[in-house]
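Enquirer: Input: one structure, supplied below.
The values are calculated or read from the model by the stated rules, or taken from the named source; none is laboratory data. Since this is a predicted model, take the numbers as computed values, not measurements. Cβ atoms come from the backbone with ideal geometry, glycine included; neighbour counts cover every protein chain shown. Surface accessibility is based on the protein's heavy atoms, side chains included, excluding ligands, DNA and RNA. Shrake-Rupley method; radii C 1.70, N 1.55, O 1.52, S 1.80 Å.
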Amino acid sequence: MIKPHGYLFALPFVALSALGAPLDAQSYPSGPVTIIVGASAGGTTDTLARVVAQGLTEKFDQPFVVDNRPGAGGAIAAQAVADANADGRTLLVAFTSHTLNTALFNDLPYDPIDDFEPISLLAQVSSLLLARGNLEVETLSEALELGRNAPDGVTFAVGGLGSSLHMETLKFLAESGVAGIEIPFPGTAPAITDLLGGHVDFMFAPFASSVPLIEAGSVKALAVTSPERNPNFPDLPAVIEAIEGYPITYGWFGVLATAGTPQEDVAALNEAITDIMQSERAQTVLSDEGASAPQMSPEDFKAFLIEDMAAWQAIGENAEIERQ
Amino acid sequence: METLEFIGLGLQTALSPSILWYCFVGVFLGTLIGVLPGIGPLAAISLLLPVTFYMSASEAIVMLAGVYYGAQYGGSTAAILLRLPGTASSAVACLDGHPMAMQGRAGVALFITTIASFFGAMFGLTILILFSPHIAQLGLMFGSAEYFMLMLLGLVAACTFSNAPLRGGAMVVLGLLISMIGTDTNSGVIRYTFGMRELAGGLTLVAMAMGLFGLADIIRNVNLIDNSKMAKGFTLRSMLPNPSDWRLSLPAMGRGSLIGSFFGALPGAGTSISAYMAYAGEKRLARKPERFGNGAIEGVSAPEAANNASAQTAFVPTLTLGIPGDVTMALMLGALIMHGITPGPQLITTQTELFWGLVVSFMIGNIMLLFLNIPMIGIWVNILRIPYRWLYPAILIFIGVGVFSVNNSVFEIYTVVAIGALAYILAALRFEPAPLLLGFILGPLMEEYFRRALLLSRGNLSTFVDRPISFGILMTIVALLALLALQTWRRRSPKTGVSSDAP
Amino acid sequence: MRISQLTLKINHDFFGGLLLICISGGAWYHAQSYALGTLNRMGPGYLPVALSLILGGLGMMLLIISQFKPAERVTLRVVPMIIILGSLCIFGIMLRSAGLFPAAFTSVILATFADTRITWLGRVTLALVVSLFTGVVFVVGLGMSVPLWWS
């Protein structure tokens, strides 16, 4: 299963504030709205989707219902939205795999950009490089030293093949020259379990599930993948400090509608979602996930998606991933 | 004692009127959802999640948890009465619970189920209170090699389900093969999907369980059974187990609870495996194993206790490590995070009141469940008095709605049709469905753990013997096989000639 | 059993063995496109091939054993099977497009044809009760995301 954590090349985005387009709250939506989520209930994507659904329900005075359709890296959910009526009453909460899938599959039955009307970016996240608690390294440079010289290589837990964290691992191994063996797990949770138990050496992990373990001293945090240090962990270096030219990637979560959805509906949704993401509840979720929520107009979000897709395809080709 | 102080602290939280109310709402909904075939706690909790936005964190978790363990109580009701398991763990209840219902002992089966559920849950909770930090650590010691060995133990146990080892073995292998459908975790290659993208995640457990037991059973019985198994009036007496039922059930509940507590605490093992293990254990211990499958009461009480014990101890890795054991627990974790509580090793110390309040409310919830469920038995048993021709179309729709609700996908309905066709043909040829389902559950896990263990040991098979826990389990398997061989030999030696269908 | 005469005994084991062999053959054939790998580093095709061979072997054993057992009548209830599975298929086809209520109603009506004693009045009553019940419980009560009616 592909997990909702992802990365993409950092691009110099100017976070524009939401468009102040005039909106007629009365006209949209004409009935209940379904928010289709391509991930199982309980994960980050689902949590964000539910926060957004709750906020939109209050703002538009119509029920916004979350409909989980996990499977095939979100492709089943995306297809359902691509095929829906373009009346803004079917929305997709997508995650990194939406663009990443183009690097993995040959024949997606939809176009991740052209078949959709991008509405709003919800959040972008980076990850942490963790080591098991009883591994004799304390810093990133010691880890690199160990990884480059270990006779049998070192092991990297991968939480879900084809996920953005898998791509991060591939990228790290290629850039650092560490002799790492990828150990695939069906998701982030079992991968962290094995890291905690000391069965694997390293792992790229999302913030939310790692922070409590780091604070308890059960695992060691070595680096962050973001371009700058994380304000909550000022002592933790960024990977790019040790590996020059390390390509920075983020994971993202965003809302899209079916292509052809009226522009004024898109603008209204964008404005409402931007508001919701500033709310206390959304901020709690974001800070737990170590995520930021740059505000973007629908146009910016579309440009973001296009560049993101190109970035994944480049990484995929670089790592010689065979498309299926 | 320190624990008592904490329980006192927990009581203060748990006995507040709002917590008591939400605990009751949770267990009540859980019971209903458990009884409805197909709709499981997962669907119910995800539907209830938005409602909890308006509650405090402890109210929300108490209610959602109530739904979760409450559903374990009702889960076997449909399996016993209609041979319609809503989950893989309640599929075990079909094996002996349904024959009991056919013999007119549905009331007894449901009564003992409730008692076993209560017993198991309370046992699991005791373990949770006494050892939570320690069990989490024990669970972590299990690496891929150990998990693989545990699964192998499960498969060896599965061969004892079937009274015909060759056919049972064939069903296990077929189940393993069917489990290969979908994306291979290790290579990402998609196998046996025949170009259907929906199959990339594999067949769902609910569709398998419903198709194998529910659907095949309808085809077999329709137009043959007229009025159901027991048209007799229902009395309180017919519900109470007789002394020999008690004598057989109580120790079985104890063993089941032990097995369930252990497997529940292992992250990733889940409630279904513990139910199967408990069943296989009982059959192995029984003096007359041939009673199993024909309404042996231990075959109902042990798995049911195991189920509920593991539903309680499943909270251990979730709360103390922040690692969910299954999807439902992942949802609970999401609910905690949404309320600003981060589960993890420090939860017990930083959120002392919340943790102990939860534990004590679980206890209260289980007591509520006991008093909620016993009076309901009479109502459920009356379902059996409805003529079968009125009942099966309703069951059919329940199957359809149930499998649809798993992923909100119509495709699941077509999978259950295909599984039902295969299951009926297999049943017509006298193959048993239970070993097939267990093979299906264990297949992907075994493959995954085996390959990961070998990746971690750099391809060295000796890892399974070098690691002490793994070696210990291996020895248990060897002992079990030896016992099996010995028993077979003893039973056959007085007879001459080829015994029926041993390999 | 006389040597000069070759008689096949038809019984449950015979067809069971045949079925297992057919399934294992199909599984083996499809597994050919997946990389095999070695025991230490298994490819995605390793277990499917191994399992289909084991299943084929077990099927063969069952087939052989069947000839040492008496012949038996093997019945397959084809008509009930088609009616039951067909009506569930119709339910799936109608569920999203027509809504839960019409889908449940139609498929209950179809399913009742598997029983020969039910009357038309019974059919319609049953279909109404079942579809109302599922609609109320699952859509209204549990908020399942599927339409009740077509729109």
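Enquirer: Can you compute log10 of I(q)/I(0) for segment C:1-148 with the Debye formula, treating each Cα as one identical point scatterer, at q = 0.14 Å⁻¹?
Expert: Taken in order of the listed q values, log10 I(q)/I(0) reads -0.86.
Enquirer: Considering only protein heavy atoms and a 1.4 Å probe, what is the carbon-and-sulfur percentage of the accessible area of chain C?
Expert: 74
Enquirer: What net charge do the residues around residue A:131 carry, taking every other residue with its C-beta under 14 Å from that of residue A:131, with Lys and Arg at +1 and Asp and Glu at -1?
Expert: On the way: positive: A:132, A:220; negative: A:136, A:138, A:142, A:145, A:194, A:201.
That sum, taken over residues with Cβ under 14 Å, equals -4.
Enquirer: Now for a separate question. Kindly tabulate the residues in segment A:269-296 with an accessible-area decrease of at least 40 Å² between the chain alone and the assembly of all protein chains, using a probe of 1.4 Å.
Expert: Listed in order, they are A:281, A:288.
Enquirer: Excluding ligands, DNA and RNA, what is the solvent-accessible area per residue of chain B at a probe of 1.4 Å, expressed in Å²? Write out the running numbers ahead of the final one.
Expert: On the way: 16650 Å² over 503 residues.
Ligands and nucleic acids excluded, the result is 33 Å² per residue.
Enquirer: Could you rank A:277, B:141 by how accessible they are, 1.4 Å probe, largest area first? Intermediate values should be presented prior to the final figure.
Expert: Numbers: A:277 5, B:141 105 Å².
From most accessible down to least: B:141, A:277.
Enquirer: Assuming a ≥ b ≥ c are the square roots of the Cα gyration tensor eigenvalues, decide whether chain A counts as rounded (a/c under 1.5), prolate (otherwise, with a/b larger than b/c) or oblate. Please report the intermediate quantities before stating the final value.
Expert: Values: a/c = 2.08, a/b = 1.80, b/c = 1.15.
Verdict is prolate for chain A.
Enquirer: About the Cα centre of the protein assembly as shown, what is the dipole size in debye to 20, counting +1 per Lys and Arg Cβ and -1 per Asp and Glu Cβ, all else neutral?
Expert: 5780
Enquirer: Carbon and sulfur: what percent of chain A's accessible surface (1.4 Å probe)? Can you show the working numbers first?
Expert: Numbers: 5450 of 11410 Å².
Answer for chain A is 48 percent, counting heavy atoms of protein chains only.
Enquirer: Keeping every protein chain in place, order B:363, B:210 by accessible area at 1.4 Å, biggest value first, i.e. largest first. Don't skip to the answer; put the middle values down first.
Expert: Values: B:363 55, B:210 0 Å².
Correct descending sequence by accessible area is B:363, B:210.
Enquirer: Counting each pair of different Cα atoms once, what's the Kirkwood radius of chain B in Å, rounded to one decimal?
Expert: Numbers: mean 1/r = 0.0432 Å⁻¹.
Evaluated over chain B, this radius sits at 23.2 Å.
Enquirer: Name the residues of segment B:379-410, by number, that are at least 30 Å² less accessible with every protein chain in place than in the isolated chain; the surface is that of heavy atoms, probe 1.4 Å, without ligands or nucleic acids.
Expert: B:389, B:390, B:392, B:393, B:396, B:397, B:398, B:401, B:404, B:407, B:408, B:410
Enquirer: While we're looking at this one, here's another question. With every protein chain left in place, what is the accessible area of residue C:120 in Å² (1.4 Å probe, nearest 10)?
Expert: 150
Enquirer: At what distance in nm do the modelled label points of residue C:35 and residue C:132 sit from each other, each positioned 7 Å from its Cα along Cα→Cβ?
Expert: 6.1
Enquirer: Along its three principal axes, how long is segment A:117-232 when you only count alpha carbons? Whole Å, largest extent first please.
Expert: 51, 30, 29
Enquirer: Would you mind working out the magnitude of the charge dipole of segment B:2-489 relative to its Cα centre, with +1 at each Lys and Arg C-beta and -1 at each Asp and Glu C-beta, to the nearest 20 Debye? If you can, show how the numbers build up before the last one.
Expert: Numbers: 23 positive and 21 negative charges, 257 e Å.
That gives a dipole near 1240 debye.
Enquirer: If you take the accessible area of B alone plus A alone and subtract the pair, what total do you get in square angstrom, rounded to 100, with a 1.4 Å probe? Let's see the in-between values first.
Expert: Values: alone 21460 and 13290 Å², together 31130 Å².
Rounded to the nearest hundred, the buried surface is 3600 Å².
Enquirer: Kindly compute the accessible surface that chains C and B hide from a 1.4 Å probe when together, both sides summed, and give it to the nearest 100 Å². Don't skip to the answer; put the middle values down first.
Expert: Details: alone 11090 and 21460 Å², together 26550 Å².
Buried: approximately 6000 Å² between B and C.
Enquirer: Can you give the angle from 0 to 90° between the axis of helix C:100-111 and the longest principal axis of chain C, with both taken from C-alpha atoms, to the nearest 10?
Expert: 60
Enquirer: Something else about it: Residues of segment A:127-242: accessible area per residue at 1.4 Å, in Å²? Spell out each step's value before the answer.
Expert: Numbers: 3830 Å² over 116 residues.
Dividing the accessible area of segment A:127-242 by its residue count gives 33 Å².
Enquirer: Rounded to the nearest 10 Å², what accessible area does residue B:405 show when all protein chains are kept and the probe is 1.4 Å?
Expert: 20
Enquirer: Please give the solvent-accessible surface of residue B:471 in Å², to the nearest 10, using a probe radius of 1.4 Å with every protein chain present.
Expert: The accessible area comes out at roughly 80 Å².
Enquirer: Computing the accessible area with a 1.4 Å probe over protein heavy atoms, can you report the carbon and sulfur percentage for segment B:2-489? Can you show the working numbers first?
Expert: On the way: 10370 of 15200 Å².
For segment B:2-489, the apolar C and S fraction of the accessible surface comes to 68 percent.
Enquirer: Could you please put A:275, C:115 in sequence from largest to smallest accessible area, using a 1.4 Å probe?
Expert: Details: A:275 90, C:115 5 Å².
So, going from the largest accessible area down, we get A:275, C:115.
Enquirer: Roughly speaking, what % of Cα-Cα pairs in the protein assembly as shown are separated by over 37 Å, rounded to a whole number?
Expert: Values: 229536 of 477753 pairs.
The share of Cα pairs beyond 37 Å in the protein assembly as shown comes to 48 percent.
Enquirer: Measure nothing but the geometry: give the 0 to 90° angle between the long axis through the Cα atoms of A:298-318 and the longest principal axis through the Cα atoms of chain A, rounded to 10°.
Expert: 30
Enquirer: OK, next. Per DSSP H run of at least 4 residues, take -39500 (n - 2.57); add these up for the protein assembly as shown, divide by its residues and hand me the 222 nm value, nearest 500 deg cm²/dmol. Provide the component values of the computation, followed by the final result.
Expert: Working: 38 runs with 566 residues, N = 978.
Calculated from helices alone, the mean residue ellipticity at 222 nm is -19000 deg cm²/dmol.
Enquirer: For segment C:78-141, what D do you get in µm² per second when you plug the Kirkwood radius from alpha-carbon pairs into Stokes-Einstein at 20 °C and 1.002 mPa s? Don't skip to the answer; put the middle values down first.
Expert: Values: Rh = 11.9 Å.
Translational diffusion coefficient: 180 µm²/s.
Enquirer: Which whole-number value in Å² is the accessible area per residue of chain C, probe 1.4 Å?
Expert: Details: 8010 Å² over 151 residues.
With all protein chains present, chain C gives 53 Å² per residue.
Enquirer: Next up: Can you tell me the orientation of helix A:263-278 relative to chain A, as the angle in degrees between its alpha-carbon axis and the longest Cα principal axis, to the nearest 10?
Expert: It is inclined by approximately 50 degrees.
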